[in-house]
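Nothing in this text is a laboratory measurement; each read-out follows from the coordinates by a stated rule. The structure presented is a predicted model; accordingly, all values stated were derived computationally and were not measured. When we count neighbours, we look across all protein chains shown, and the Cβ atoms used for this are built from the backbone with ideal geometry, even at glycine.
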Amino acid sequence: MHEGDLNAVGLCEFYLERIEMYDRQGPMLNSILELNPEALEQAEKLDHERTRSGSRGPLHGIPILLKDNIDTADRMATSAGSLAFKGTFAKRDAFLVQRLRDAGAILLGKTNLSEWANFRSTHSISGWSSRGGQTRNPYDPLRNPCGSSSGSAVAVAAGFCAAAIGTETDGSILGPANMNGVVGLKPHVGSISRRGLIPISHTQDTPGPLTRNVADAALLLEVLRGEDVEDPATSQAPKKNPQDSAPQPPDHLKDLTIGVARNLYSGDSRVERLLEEGIQILQDLGAEVKDPLYLENTMLLKMPELEVLLHEFKHGLNRYLSELDGGLEDQPPESLEELIVFNEAHHEQMMPYFGQELFEKAQKRGSLQSEVYQDSLKECRRLSRQQGINALMQQHGLDAFIAPTSGPAWLTDSIHGDPISIETSFTPSAVAGYPGISVPAGFVSGLPVGISFYGSAWSETILLRCAHAFENASKARKPPVLA
């Protein structure tokens, strides 16, 4: 584009053609919920601007897709995948959306997701929403894309955009990145403002990039992060360092100590073989690898975490819904209680496969001043931080630690939903609010799996450096073959 061989209009048309060929037809991946009717107009304006006054930066004229729980003040709805909100339009852009627009990015469309970011039912089907239907894995359409940022990860893997933005509360970026063979960066909570995101948990929610390589993830983080007076968590972030840009060669890790947390994933010897290969790569890059290590309290986190999420979801969603404008169609539900009633009244459309048990549990929870909530939040902090990640890293002098992100994709099952027990490594980092990044590590029977790098508070820069070096040395990513 800098040389004039390609322009933004041509790039958008290329992606729109691929979406028509492979998302709407062919394997029908169903990752795109809605296309932006103004995308080509935006591209044309940005092309004229480049000609007149030059580029705004590396995102000038670059098409980006957004998960459909991120507000955009345009002709695209923000629905969290729910038919109840198909006609609901945001009054203003989310903080991160304004950042993208200012950088010259083109908002190509909204991606499908696990409805309500997978916080509606204990028996949900990842990648399914009442508004968008089922998203499919590009490596095998019978397999699941994981969630909840399903469409964002699939769209990046299948080449429907330059990059996409997802959100995570517990695994919703890292999980889909793992199972769709892309890079997923979950920043520290507060690195990127959550203003304008449909919430689950103000202590665990964060948006983050899904990309085809680590350098793109670093570039997007640099564009998106920054202090926002409407999101107090952003005020806790360290000030930007000029060295915090995209990782640069030389690729070596000679000054770093990386641990291997052996108890975060087990059960598939094929995945563990890929982990062993990854450890060898890190040693070849010069890192000191401490193995085996064990992160404490991992089995004790689920109960207090669920209590925190149920309380914060009720509080955050009621606040978000109370500020909505119904836009061009009927006024949507204005509270969690009204949403539960709506879903029951439209049971066949809203709940054909699974119910809303989590909604109902959240509705029964008290306020954020309740003793149950306050005790659960303290327990989460103690187990995940002081006696968890902080203790591991301080005791062993670590700069980062690794584990397999998860196993390969499972078969999508509309009768039984997702498997009851899924081996993953991301919950301790999610509960702590600390960063993590999943990078492709190889394949199991043709299905991609990743390794995640985890660290302490605000450690994105060191994790990006590790992931970048690993990516360049392993060259593990292979795009899916679409037909």
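A compact table of results
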read-out	value
Number of positions in the range 190-204 that are under 19 Å from A77 (Cβ atoms) and under 14 Å from the mean Cα position of the chain (by Cα)	3
Filter result (surrounded by fewer than 24 Cβ atoms within 10 Å (Cβ to Cβ), in contact with a Ser or Thr (Cβ under 9 Å, 6 or more places away or on another chain) and aliphatic (A, V, I, L, M)) within the range 412-458	I422
E471 vs. criteria of a type in the set (D, E), under 26 Å from D140 (Cα atoms) and in contact with a Lys or Arg (Cβ under 8 Å, 6 or more places away or on another chain)	yes
Subset of the range 450-468 (residues that are under 15 Å from L285 (Cβ atoms) and under 17 Å from the mean Cα position of the chain (by Cα))	I451, F453, L463, L464, A467
All positions within the range 207-236 that are under 16 Å from the mean Cα position of the chain (by Cα) and outside any helix (DSSP H, G or I)	P207, G208, P209, L210, T211, R212, N213, R225
Residues of the range 280-299 satisfying the condition of being free of Cβ contacts under 8 Å to residues at least 12 places away in the same chain and of a type in the set (S, T, N, Q)	Q280, Q283
Candidate set from the range 172-199 (those that are within 20 Å of N112 (Cβ to Cβ) and either touching a Cys at 6+ places or on another chain (Cβ under 8 Å) or among the basic types (K, R) (or both)); member that is surrounded by the most Cβ atoms within 10 Å (Cβ to Cβ)	P176
Among (1) farther than 22 Å from P333 by Cβ; (2) out of contact with any helix residue (DSSP H, G or I) (no Cβ under 6 Å at 6 or more places or on another chain); (3) surrounded by 16 or more Cβ atoms within 10 Å (Cβ to Cβ), the one test that D47 misses	(2)
V431 touching a residue at least 24 places away in the same chain (Cβ under 8 Å), under 16 Å from T298 (Cβ atoms) and within 23 Å of the chain's Cα centre (by Cα)	yes
